[in-house]
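One structure is given below, encoded as structure tokens.
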Amino acid sequence: MNPLIRDSTAIAKKDLKQLRRDPLSLALTIMFPILLISMFIVISGAFRDSHAVPIVIADQDGSAQSKMFIDELTVSKLIRVAQLVQTEERALETVQAGEAIGSVVIPKDFGNKLLNGRAAFVVLQTDNSKVTASFTVIRAVADKSRELLNKLNVQFNVRLVSVDVVPRPVSGRPPNGDFILPGMLGLITILGGFDDAVNAITRERERGTFTRLVLTPMNLFSIYGGKMAAALVVNAMRTAFVLMIFVFNGLVIQGSILLIFLITSLISMFTMSLSMMMSSRIQSSATLTIMEIAITFPLFQLSGAFSAPEMLPAGGRAISRALPWTWGNEALRRVMYLGLDLNAISPDILVLVVSIMIFLPLATLLSKRTM
Amino acid sequence: MSGLKVPRDILAVVSNELGVFRRNRSAILISLIVIPFFFTVSLGAGQGSAATFQPTAALPIAFVDNDLSVASGRLYETLVRSEMFNRLIQGYREDNALAALGKGSIYAAVVIPKGFQDRLMHNQPGTIIVYVDDGAPGVGNAVLSAVNATVQTYNPSTEITTSAYVEVAGFSTIQVVLKGTRFSGFALGLTITMSLVIVFATFYEIAGGMSREREEGTYARLLVSPVSLGAIMIGKTLYDLGLNFVRVIVVLGLAIYVYGVRLNTDFVTLLAGAVLIALLTMGFGLLISSLGVGLRAVVIIEFFLILFLFAFSGFILDKELMKGIPQIIATYLPWSYGIEILKRTILSGTPLLSLTSQLQFVGFSIVLFYALSYIFLKLARERLLK
């Protein structure tokens, strides 16, 4: 057997045995995908389910149509009419005091304008320091305005300019569905890769066994190769675990499962290479982990996990495109949702492979220098 | 002399902490420069500068007009003039557009079906179909929201106007006139970034610092020294408040001078908000370290604390949108009140002292954390002295 493969296998076995004996690390490897996914379910559930964002209404018209509009707003599942106030000033004060997220002012002549084929308006003041809540109020009021017009159209035959927008996602998924799941798998892989590298190198250094390992007849490539192989086994387990959770939650994976494993393995290898480079400069495992967590949080936004790079400003787009993780996340998404094959995602794979080929030798070289 | 003992002890703890910090170059770099700089610049990269950024503006989107009518032409103009679609591409056929979706050349296709104008003229709703590439996260929602918002101002019968209030002759419409200060993504993100930087660095400095002392063996020596527990806790708090001051300055400096953010509050109010979040985190850090956890556990707790804050403290999702258990967590999570204080003061310009309920909750939590830490540290000291 080739000594490089033999030595790497021995190191991989050693690292896996070590992980089995460390229940905290093992639990963390299994627990953190569950926690991340649970939090995602909480966040996305809030957007899907009905909620009751408080608003106040000032009806200055007092017409049958304004009352119909108030009735429409009252039955909305998104908002809750907390108070009916007399004046516009009082409505604004309520929002400014933080007692309500939005105030709807229905001005005089509202009903008359609607019945006479003219443009009526309502004034909606929102507390925009609360982004998601104010957005929900705006959406609810716009939806209910449309519904009121449709009712008036049926009851009074008023003429409408109504354009229905029919959404058709390419994959057939509902647009508000689980669009971040592949990105979440990517992020779990990145976080896992960082943690695996800390376990494999920095903690070994702290225990003092890394120096002994280097002093054995094995060469450094075998040591790093073995550690990488062990981390890839852990990563494969993690990927399988996450995919199982996704499938149990109703996700239909369109593409090849093997391709998904290939992509997460490449993401993990790149992340580990980068972490190994960093570990040659930062010797404490705790400091390195903190540093890596600090790197990971901005990646939620910049690695294309939760929003496409094309939706970022020019500078952010350039940074996002320069990150190999973005290509990995994009490949994951295209395989999982659109069912694309290896050929279609080859540019993404190429970027990841080239990045690994640059960073892994660099990590080995830097590590050699610090010994 | 005894009256001076406590301040002298506090000063000794502060100078000891600073001495340890000064000897650790990577800690200085990470804590004071890398974390604040990295988080703020990442925010800038993700949200642009203080100007309002429209995420769909630069997306290439196909406009397929199968009706070729005046009404469909006006709809195209309405979309273009909204400034939400600066790369609306004409010339695609429906089948070509569908084939291109998912490949990265276009991200959505707006299709106007035949008979669009006829339906409108017969007092029926016109229908448009929007195909979206849901292989790109967030694109579907963003495009659909922007199209929905734009068609509200659509007017097929008169000349297009760019004013927000549109009079459509002969048709009944309801225009929702939006009021309330609009904030840029960067300004909104600044409150989150500042809180994140403070919590992230502070928790590790306090809880991690004490756990490291425990692992190095200096913790026990500190506890059994003649310095009172109160002096140790105040000393560590003052030292970390100093570091947080530097961090807030770095974040604010970048936000104001590089990204052009304008604050709606004065510096003292902003600093007071930051101090409250820092004290809250320090209290929690002291509490965790007083339970005797190791450095690795501190790092793990830190990771989950940040995740927890992301999910429940109004970082991303306002607590008004939560219900059930998440709502209960958000209601009792003191950081969510601290973040609300920062948001309301920095963004809306609300006077700090008018936020009484938030201040009370944060104040109570700080006292509770510090009191519990004191009790646990005292118990640890007694155990050591036995």
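The values are calculated or read from the model by the stated rules, or taken from the named source; none is laboratory data. Being a predicted model, the structure only gives us computed values, none of them experimental. FYI the Cβ positions are ideal-geometry reconstructions off the backbone, even for glycines, and counts take in every protein chain you see.
B:G138 falls short on exactly one of the conditions (1) modelled with pLDDT of 80 or more; (2) on the phi > 0 side of the Ramachandran plot, and that condition is (1).
Under the condition of being surrounded by fewer than 21 Cβ atoms within 10 Å (Cβ to Cβ) and either at pLDDT 75 or above or small (G, A, S) (or both), the residues counted in segment B:153-177 number 6. Under 21 Å from B:L188 (Cβ atoms), touching a residue at least 12 places away in the same chain (Cβ under 8 Å) and surrounded by fewer than 21 Cβ atoms within 10 Å (Cβ to Cβ) - does that describe any residue in segment B:293-308? Yes, there is a match, as at least one residue in segment B:293-308 is under 21 Å from B:L188 (Cβ atoms), touching a residue at least 12 places away in the same chain (Cβ under 8 Å) and surrounded by fewer than 21 Cβ atoms within 10 Å (Cβ to Cβ).
Mind checking which pairs have a first residue in segment A:128-140 that is touching a residue at least 60 places away in the same chain (Cβ under 8 Å) and a second that is of a type in the set (K, R), Cβ under 9 Å, 6 or more apart or different chains? Every condition considered, the pairs that remain are A:A133/B:K319; A:A140/A:K77. Condition first: surrounded by 24 or more Cβ atoms within 10 Å (Cβ to Cβ) and either on the phi > 0 side of the Ramachandran plot or basic (K, R) (or both). Now tell me which residues in segment B:188-223 satisfy that. Correct list: empty.
Among the candidates A:L350, A:L342, A:L332, A:L365, single out the residue that is at pLDDT below 85 and more than 21 Å from B:A45 (Cβ to Cβ). Walk me through it before giving the result.
On the way: A:L350 fails: at pLDDT below 85; A:L342 fails: at pLDDT below 85; A:L332 fails: at pLDDT below 85.
Only one candidate passes the filter, namely A:L365.
Among the residues of segment B:312-339 satisfying the criterion of being outside any helix (DSSP H, G or I) and within 9 Å of chain A (Cβ to nearest Cβ), which is nearest to the chain's Cα centre (by Cα)? I'd like the intermediate steps shown before the answer.
Step one: of segment B:312-339, the residues outside any helix (DSSP H, G or I) are B:313-318, B:322-323, B:333.
Filter once more, keeping what is within 9 Å of chain A (Cβ to nearest Cβ): B:314, B:316-318, B:322-323.
Numbers: B:G314: 8, B:I316: 6, B:L317: 9, B:D318: 11, B:M322: 17, B:K323: 21 Å.
Once the filter is applied, the top-ranked residue is B:I316.
Please enumerate the residues belonging to segment A:78-102 that are polar (S, T, N, Q) and within 10 Å of chain B (Cβ to nearest Cβ). I'd like the intermediate steps shown before the answer.
Of segment A:78-102, the ones polar (S, T, N, Q) are A:83, A:86-87, A:94, A:96.
Passing the criteria: only A:Q96.
Of the candidates A:V75, A:V122, A:V56, the single residue that is away from every other protein chain (no Cβ under 11 Å), hydrophobic (A, V, I, L, M, F, W, C) and out of contact with any Ser or Thr (no Cβ under 6 Å at 6 or more places or on another chain) is A:V75. Within segment B:150-160, if we keep just the residues that are touching a residue at least 40 places away in the same chain (Cβ under 8 Å) and more than 24 Å from A:S307 (Cβ to Cβ), the residue that is farthest from the other protein chains (Cβ to nearest Cβ) turns out to be B:I160.
Conditions (1) surrounded by 14 or more Cβ atoms within 10 Å (Cβ to Cβ); (2) more than 30 Å from B:I232 (Cβ to Cβ); (3) of a type outside the set (D, E), marked per residue:
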| residue | (1), (2), (3) |
| --- | --- |
| B:E320 | yes, yes, no |
| B:I325 | no, yes, yes |
| B:I329 | yes, yes, yes |
| B:L333 | yes, no, yes |
| B:I346 | yes, yes, yes |
| B:Q358 | yes, no, yes |
| B:L377 | yes, no, yes |
| B:R381 | yes, no, yes |
| B:L384 | no, no, yes |
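Residue by residue, here is whether (1) out of contact with any helix residue (DSSP H, G or I) (no Cβ under 9 Å at 6 or more places or on another chain); (2) over 19 Å from B:V246 (Cα atoms); (3) away from chain A (no Cβ under 13 Å) holds:
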{"residue": "B:V258", "(1), (2), (3)": "no, no, no"}
{"residue": "B:A272", "(1), (2), (3)": "no, no, yes"}
{"residue": "B:L279", "(1), (2), (3)": "no, no, yes"}
{"residue": "B:V293", "(1), (2), (3)": "no, yes, no"}
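Listed conditions (1) in a helix (DSSP H, G or I); (2) within 10 Å of chain B (Cβ to nearest Cβ) are all met by A:A344, apart from (1). For segment B:293-311, the criterion of being under 23 Å from the mean Cα position of the chain (by Cα), more than 30 Å from B:E215 (Cα to Cα) and assigned to a helix (DSSP H, G or I) is met by at least one residue. Looking across segment B:113-147, the residues that are farther than 27 Å from A:G328 by Cα, buried (at least 19 other Cβ atoms within 10 Å of the Cβ), among the hydrophobic types (A, V, I, L, M, F, W, C) and touching a strand residue (DSSP E or B) at 6+ places or on another chain (Cβ under 8 Å) come down to B:F116, B:L120, B:I128, B:V130, B:V147.
Here A:E310 does not qualify as among the acidic types (D, E), touching a Ser or Thr at 6+ places or on another chain (Cβ under 7 Å) and crowded, with 19+ Cβ neighbours inside 10 Å. When segment B:20-55 is examined, which residues are found to be modelled with pLDDT under 80, part of a helix (DSSP H, G or I) and within 24 Å of B:S184 (Cα to Cα)? Of everything in segment B:20-55, those that are modelled with pLDDT under 80, part of a helix (DSSP H, G or I) and within 24 Å of B:S184 (Cα to Cα) turn out to be B:G46, B:Q47.
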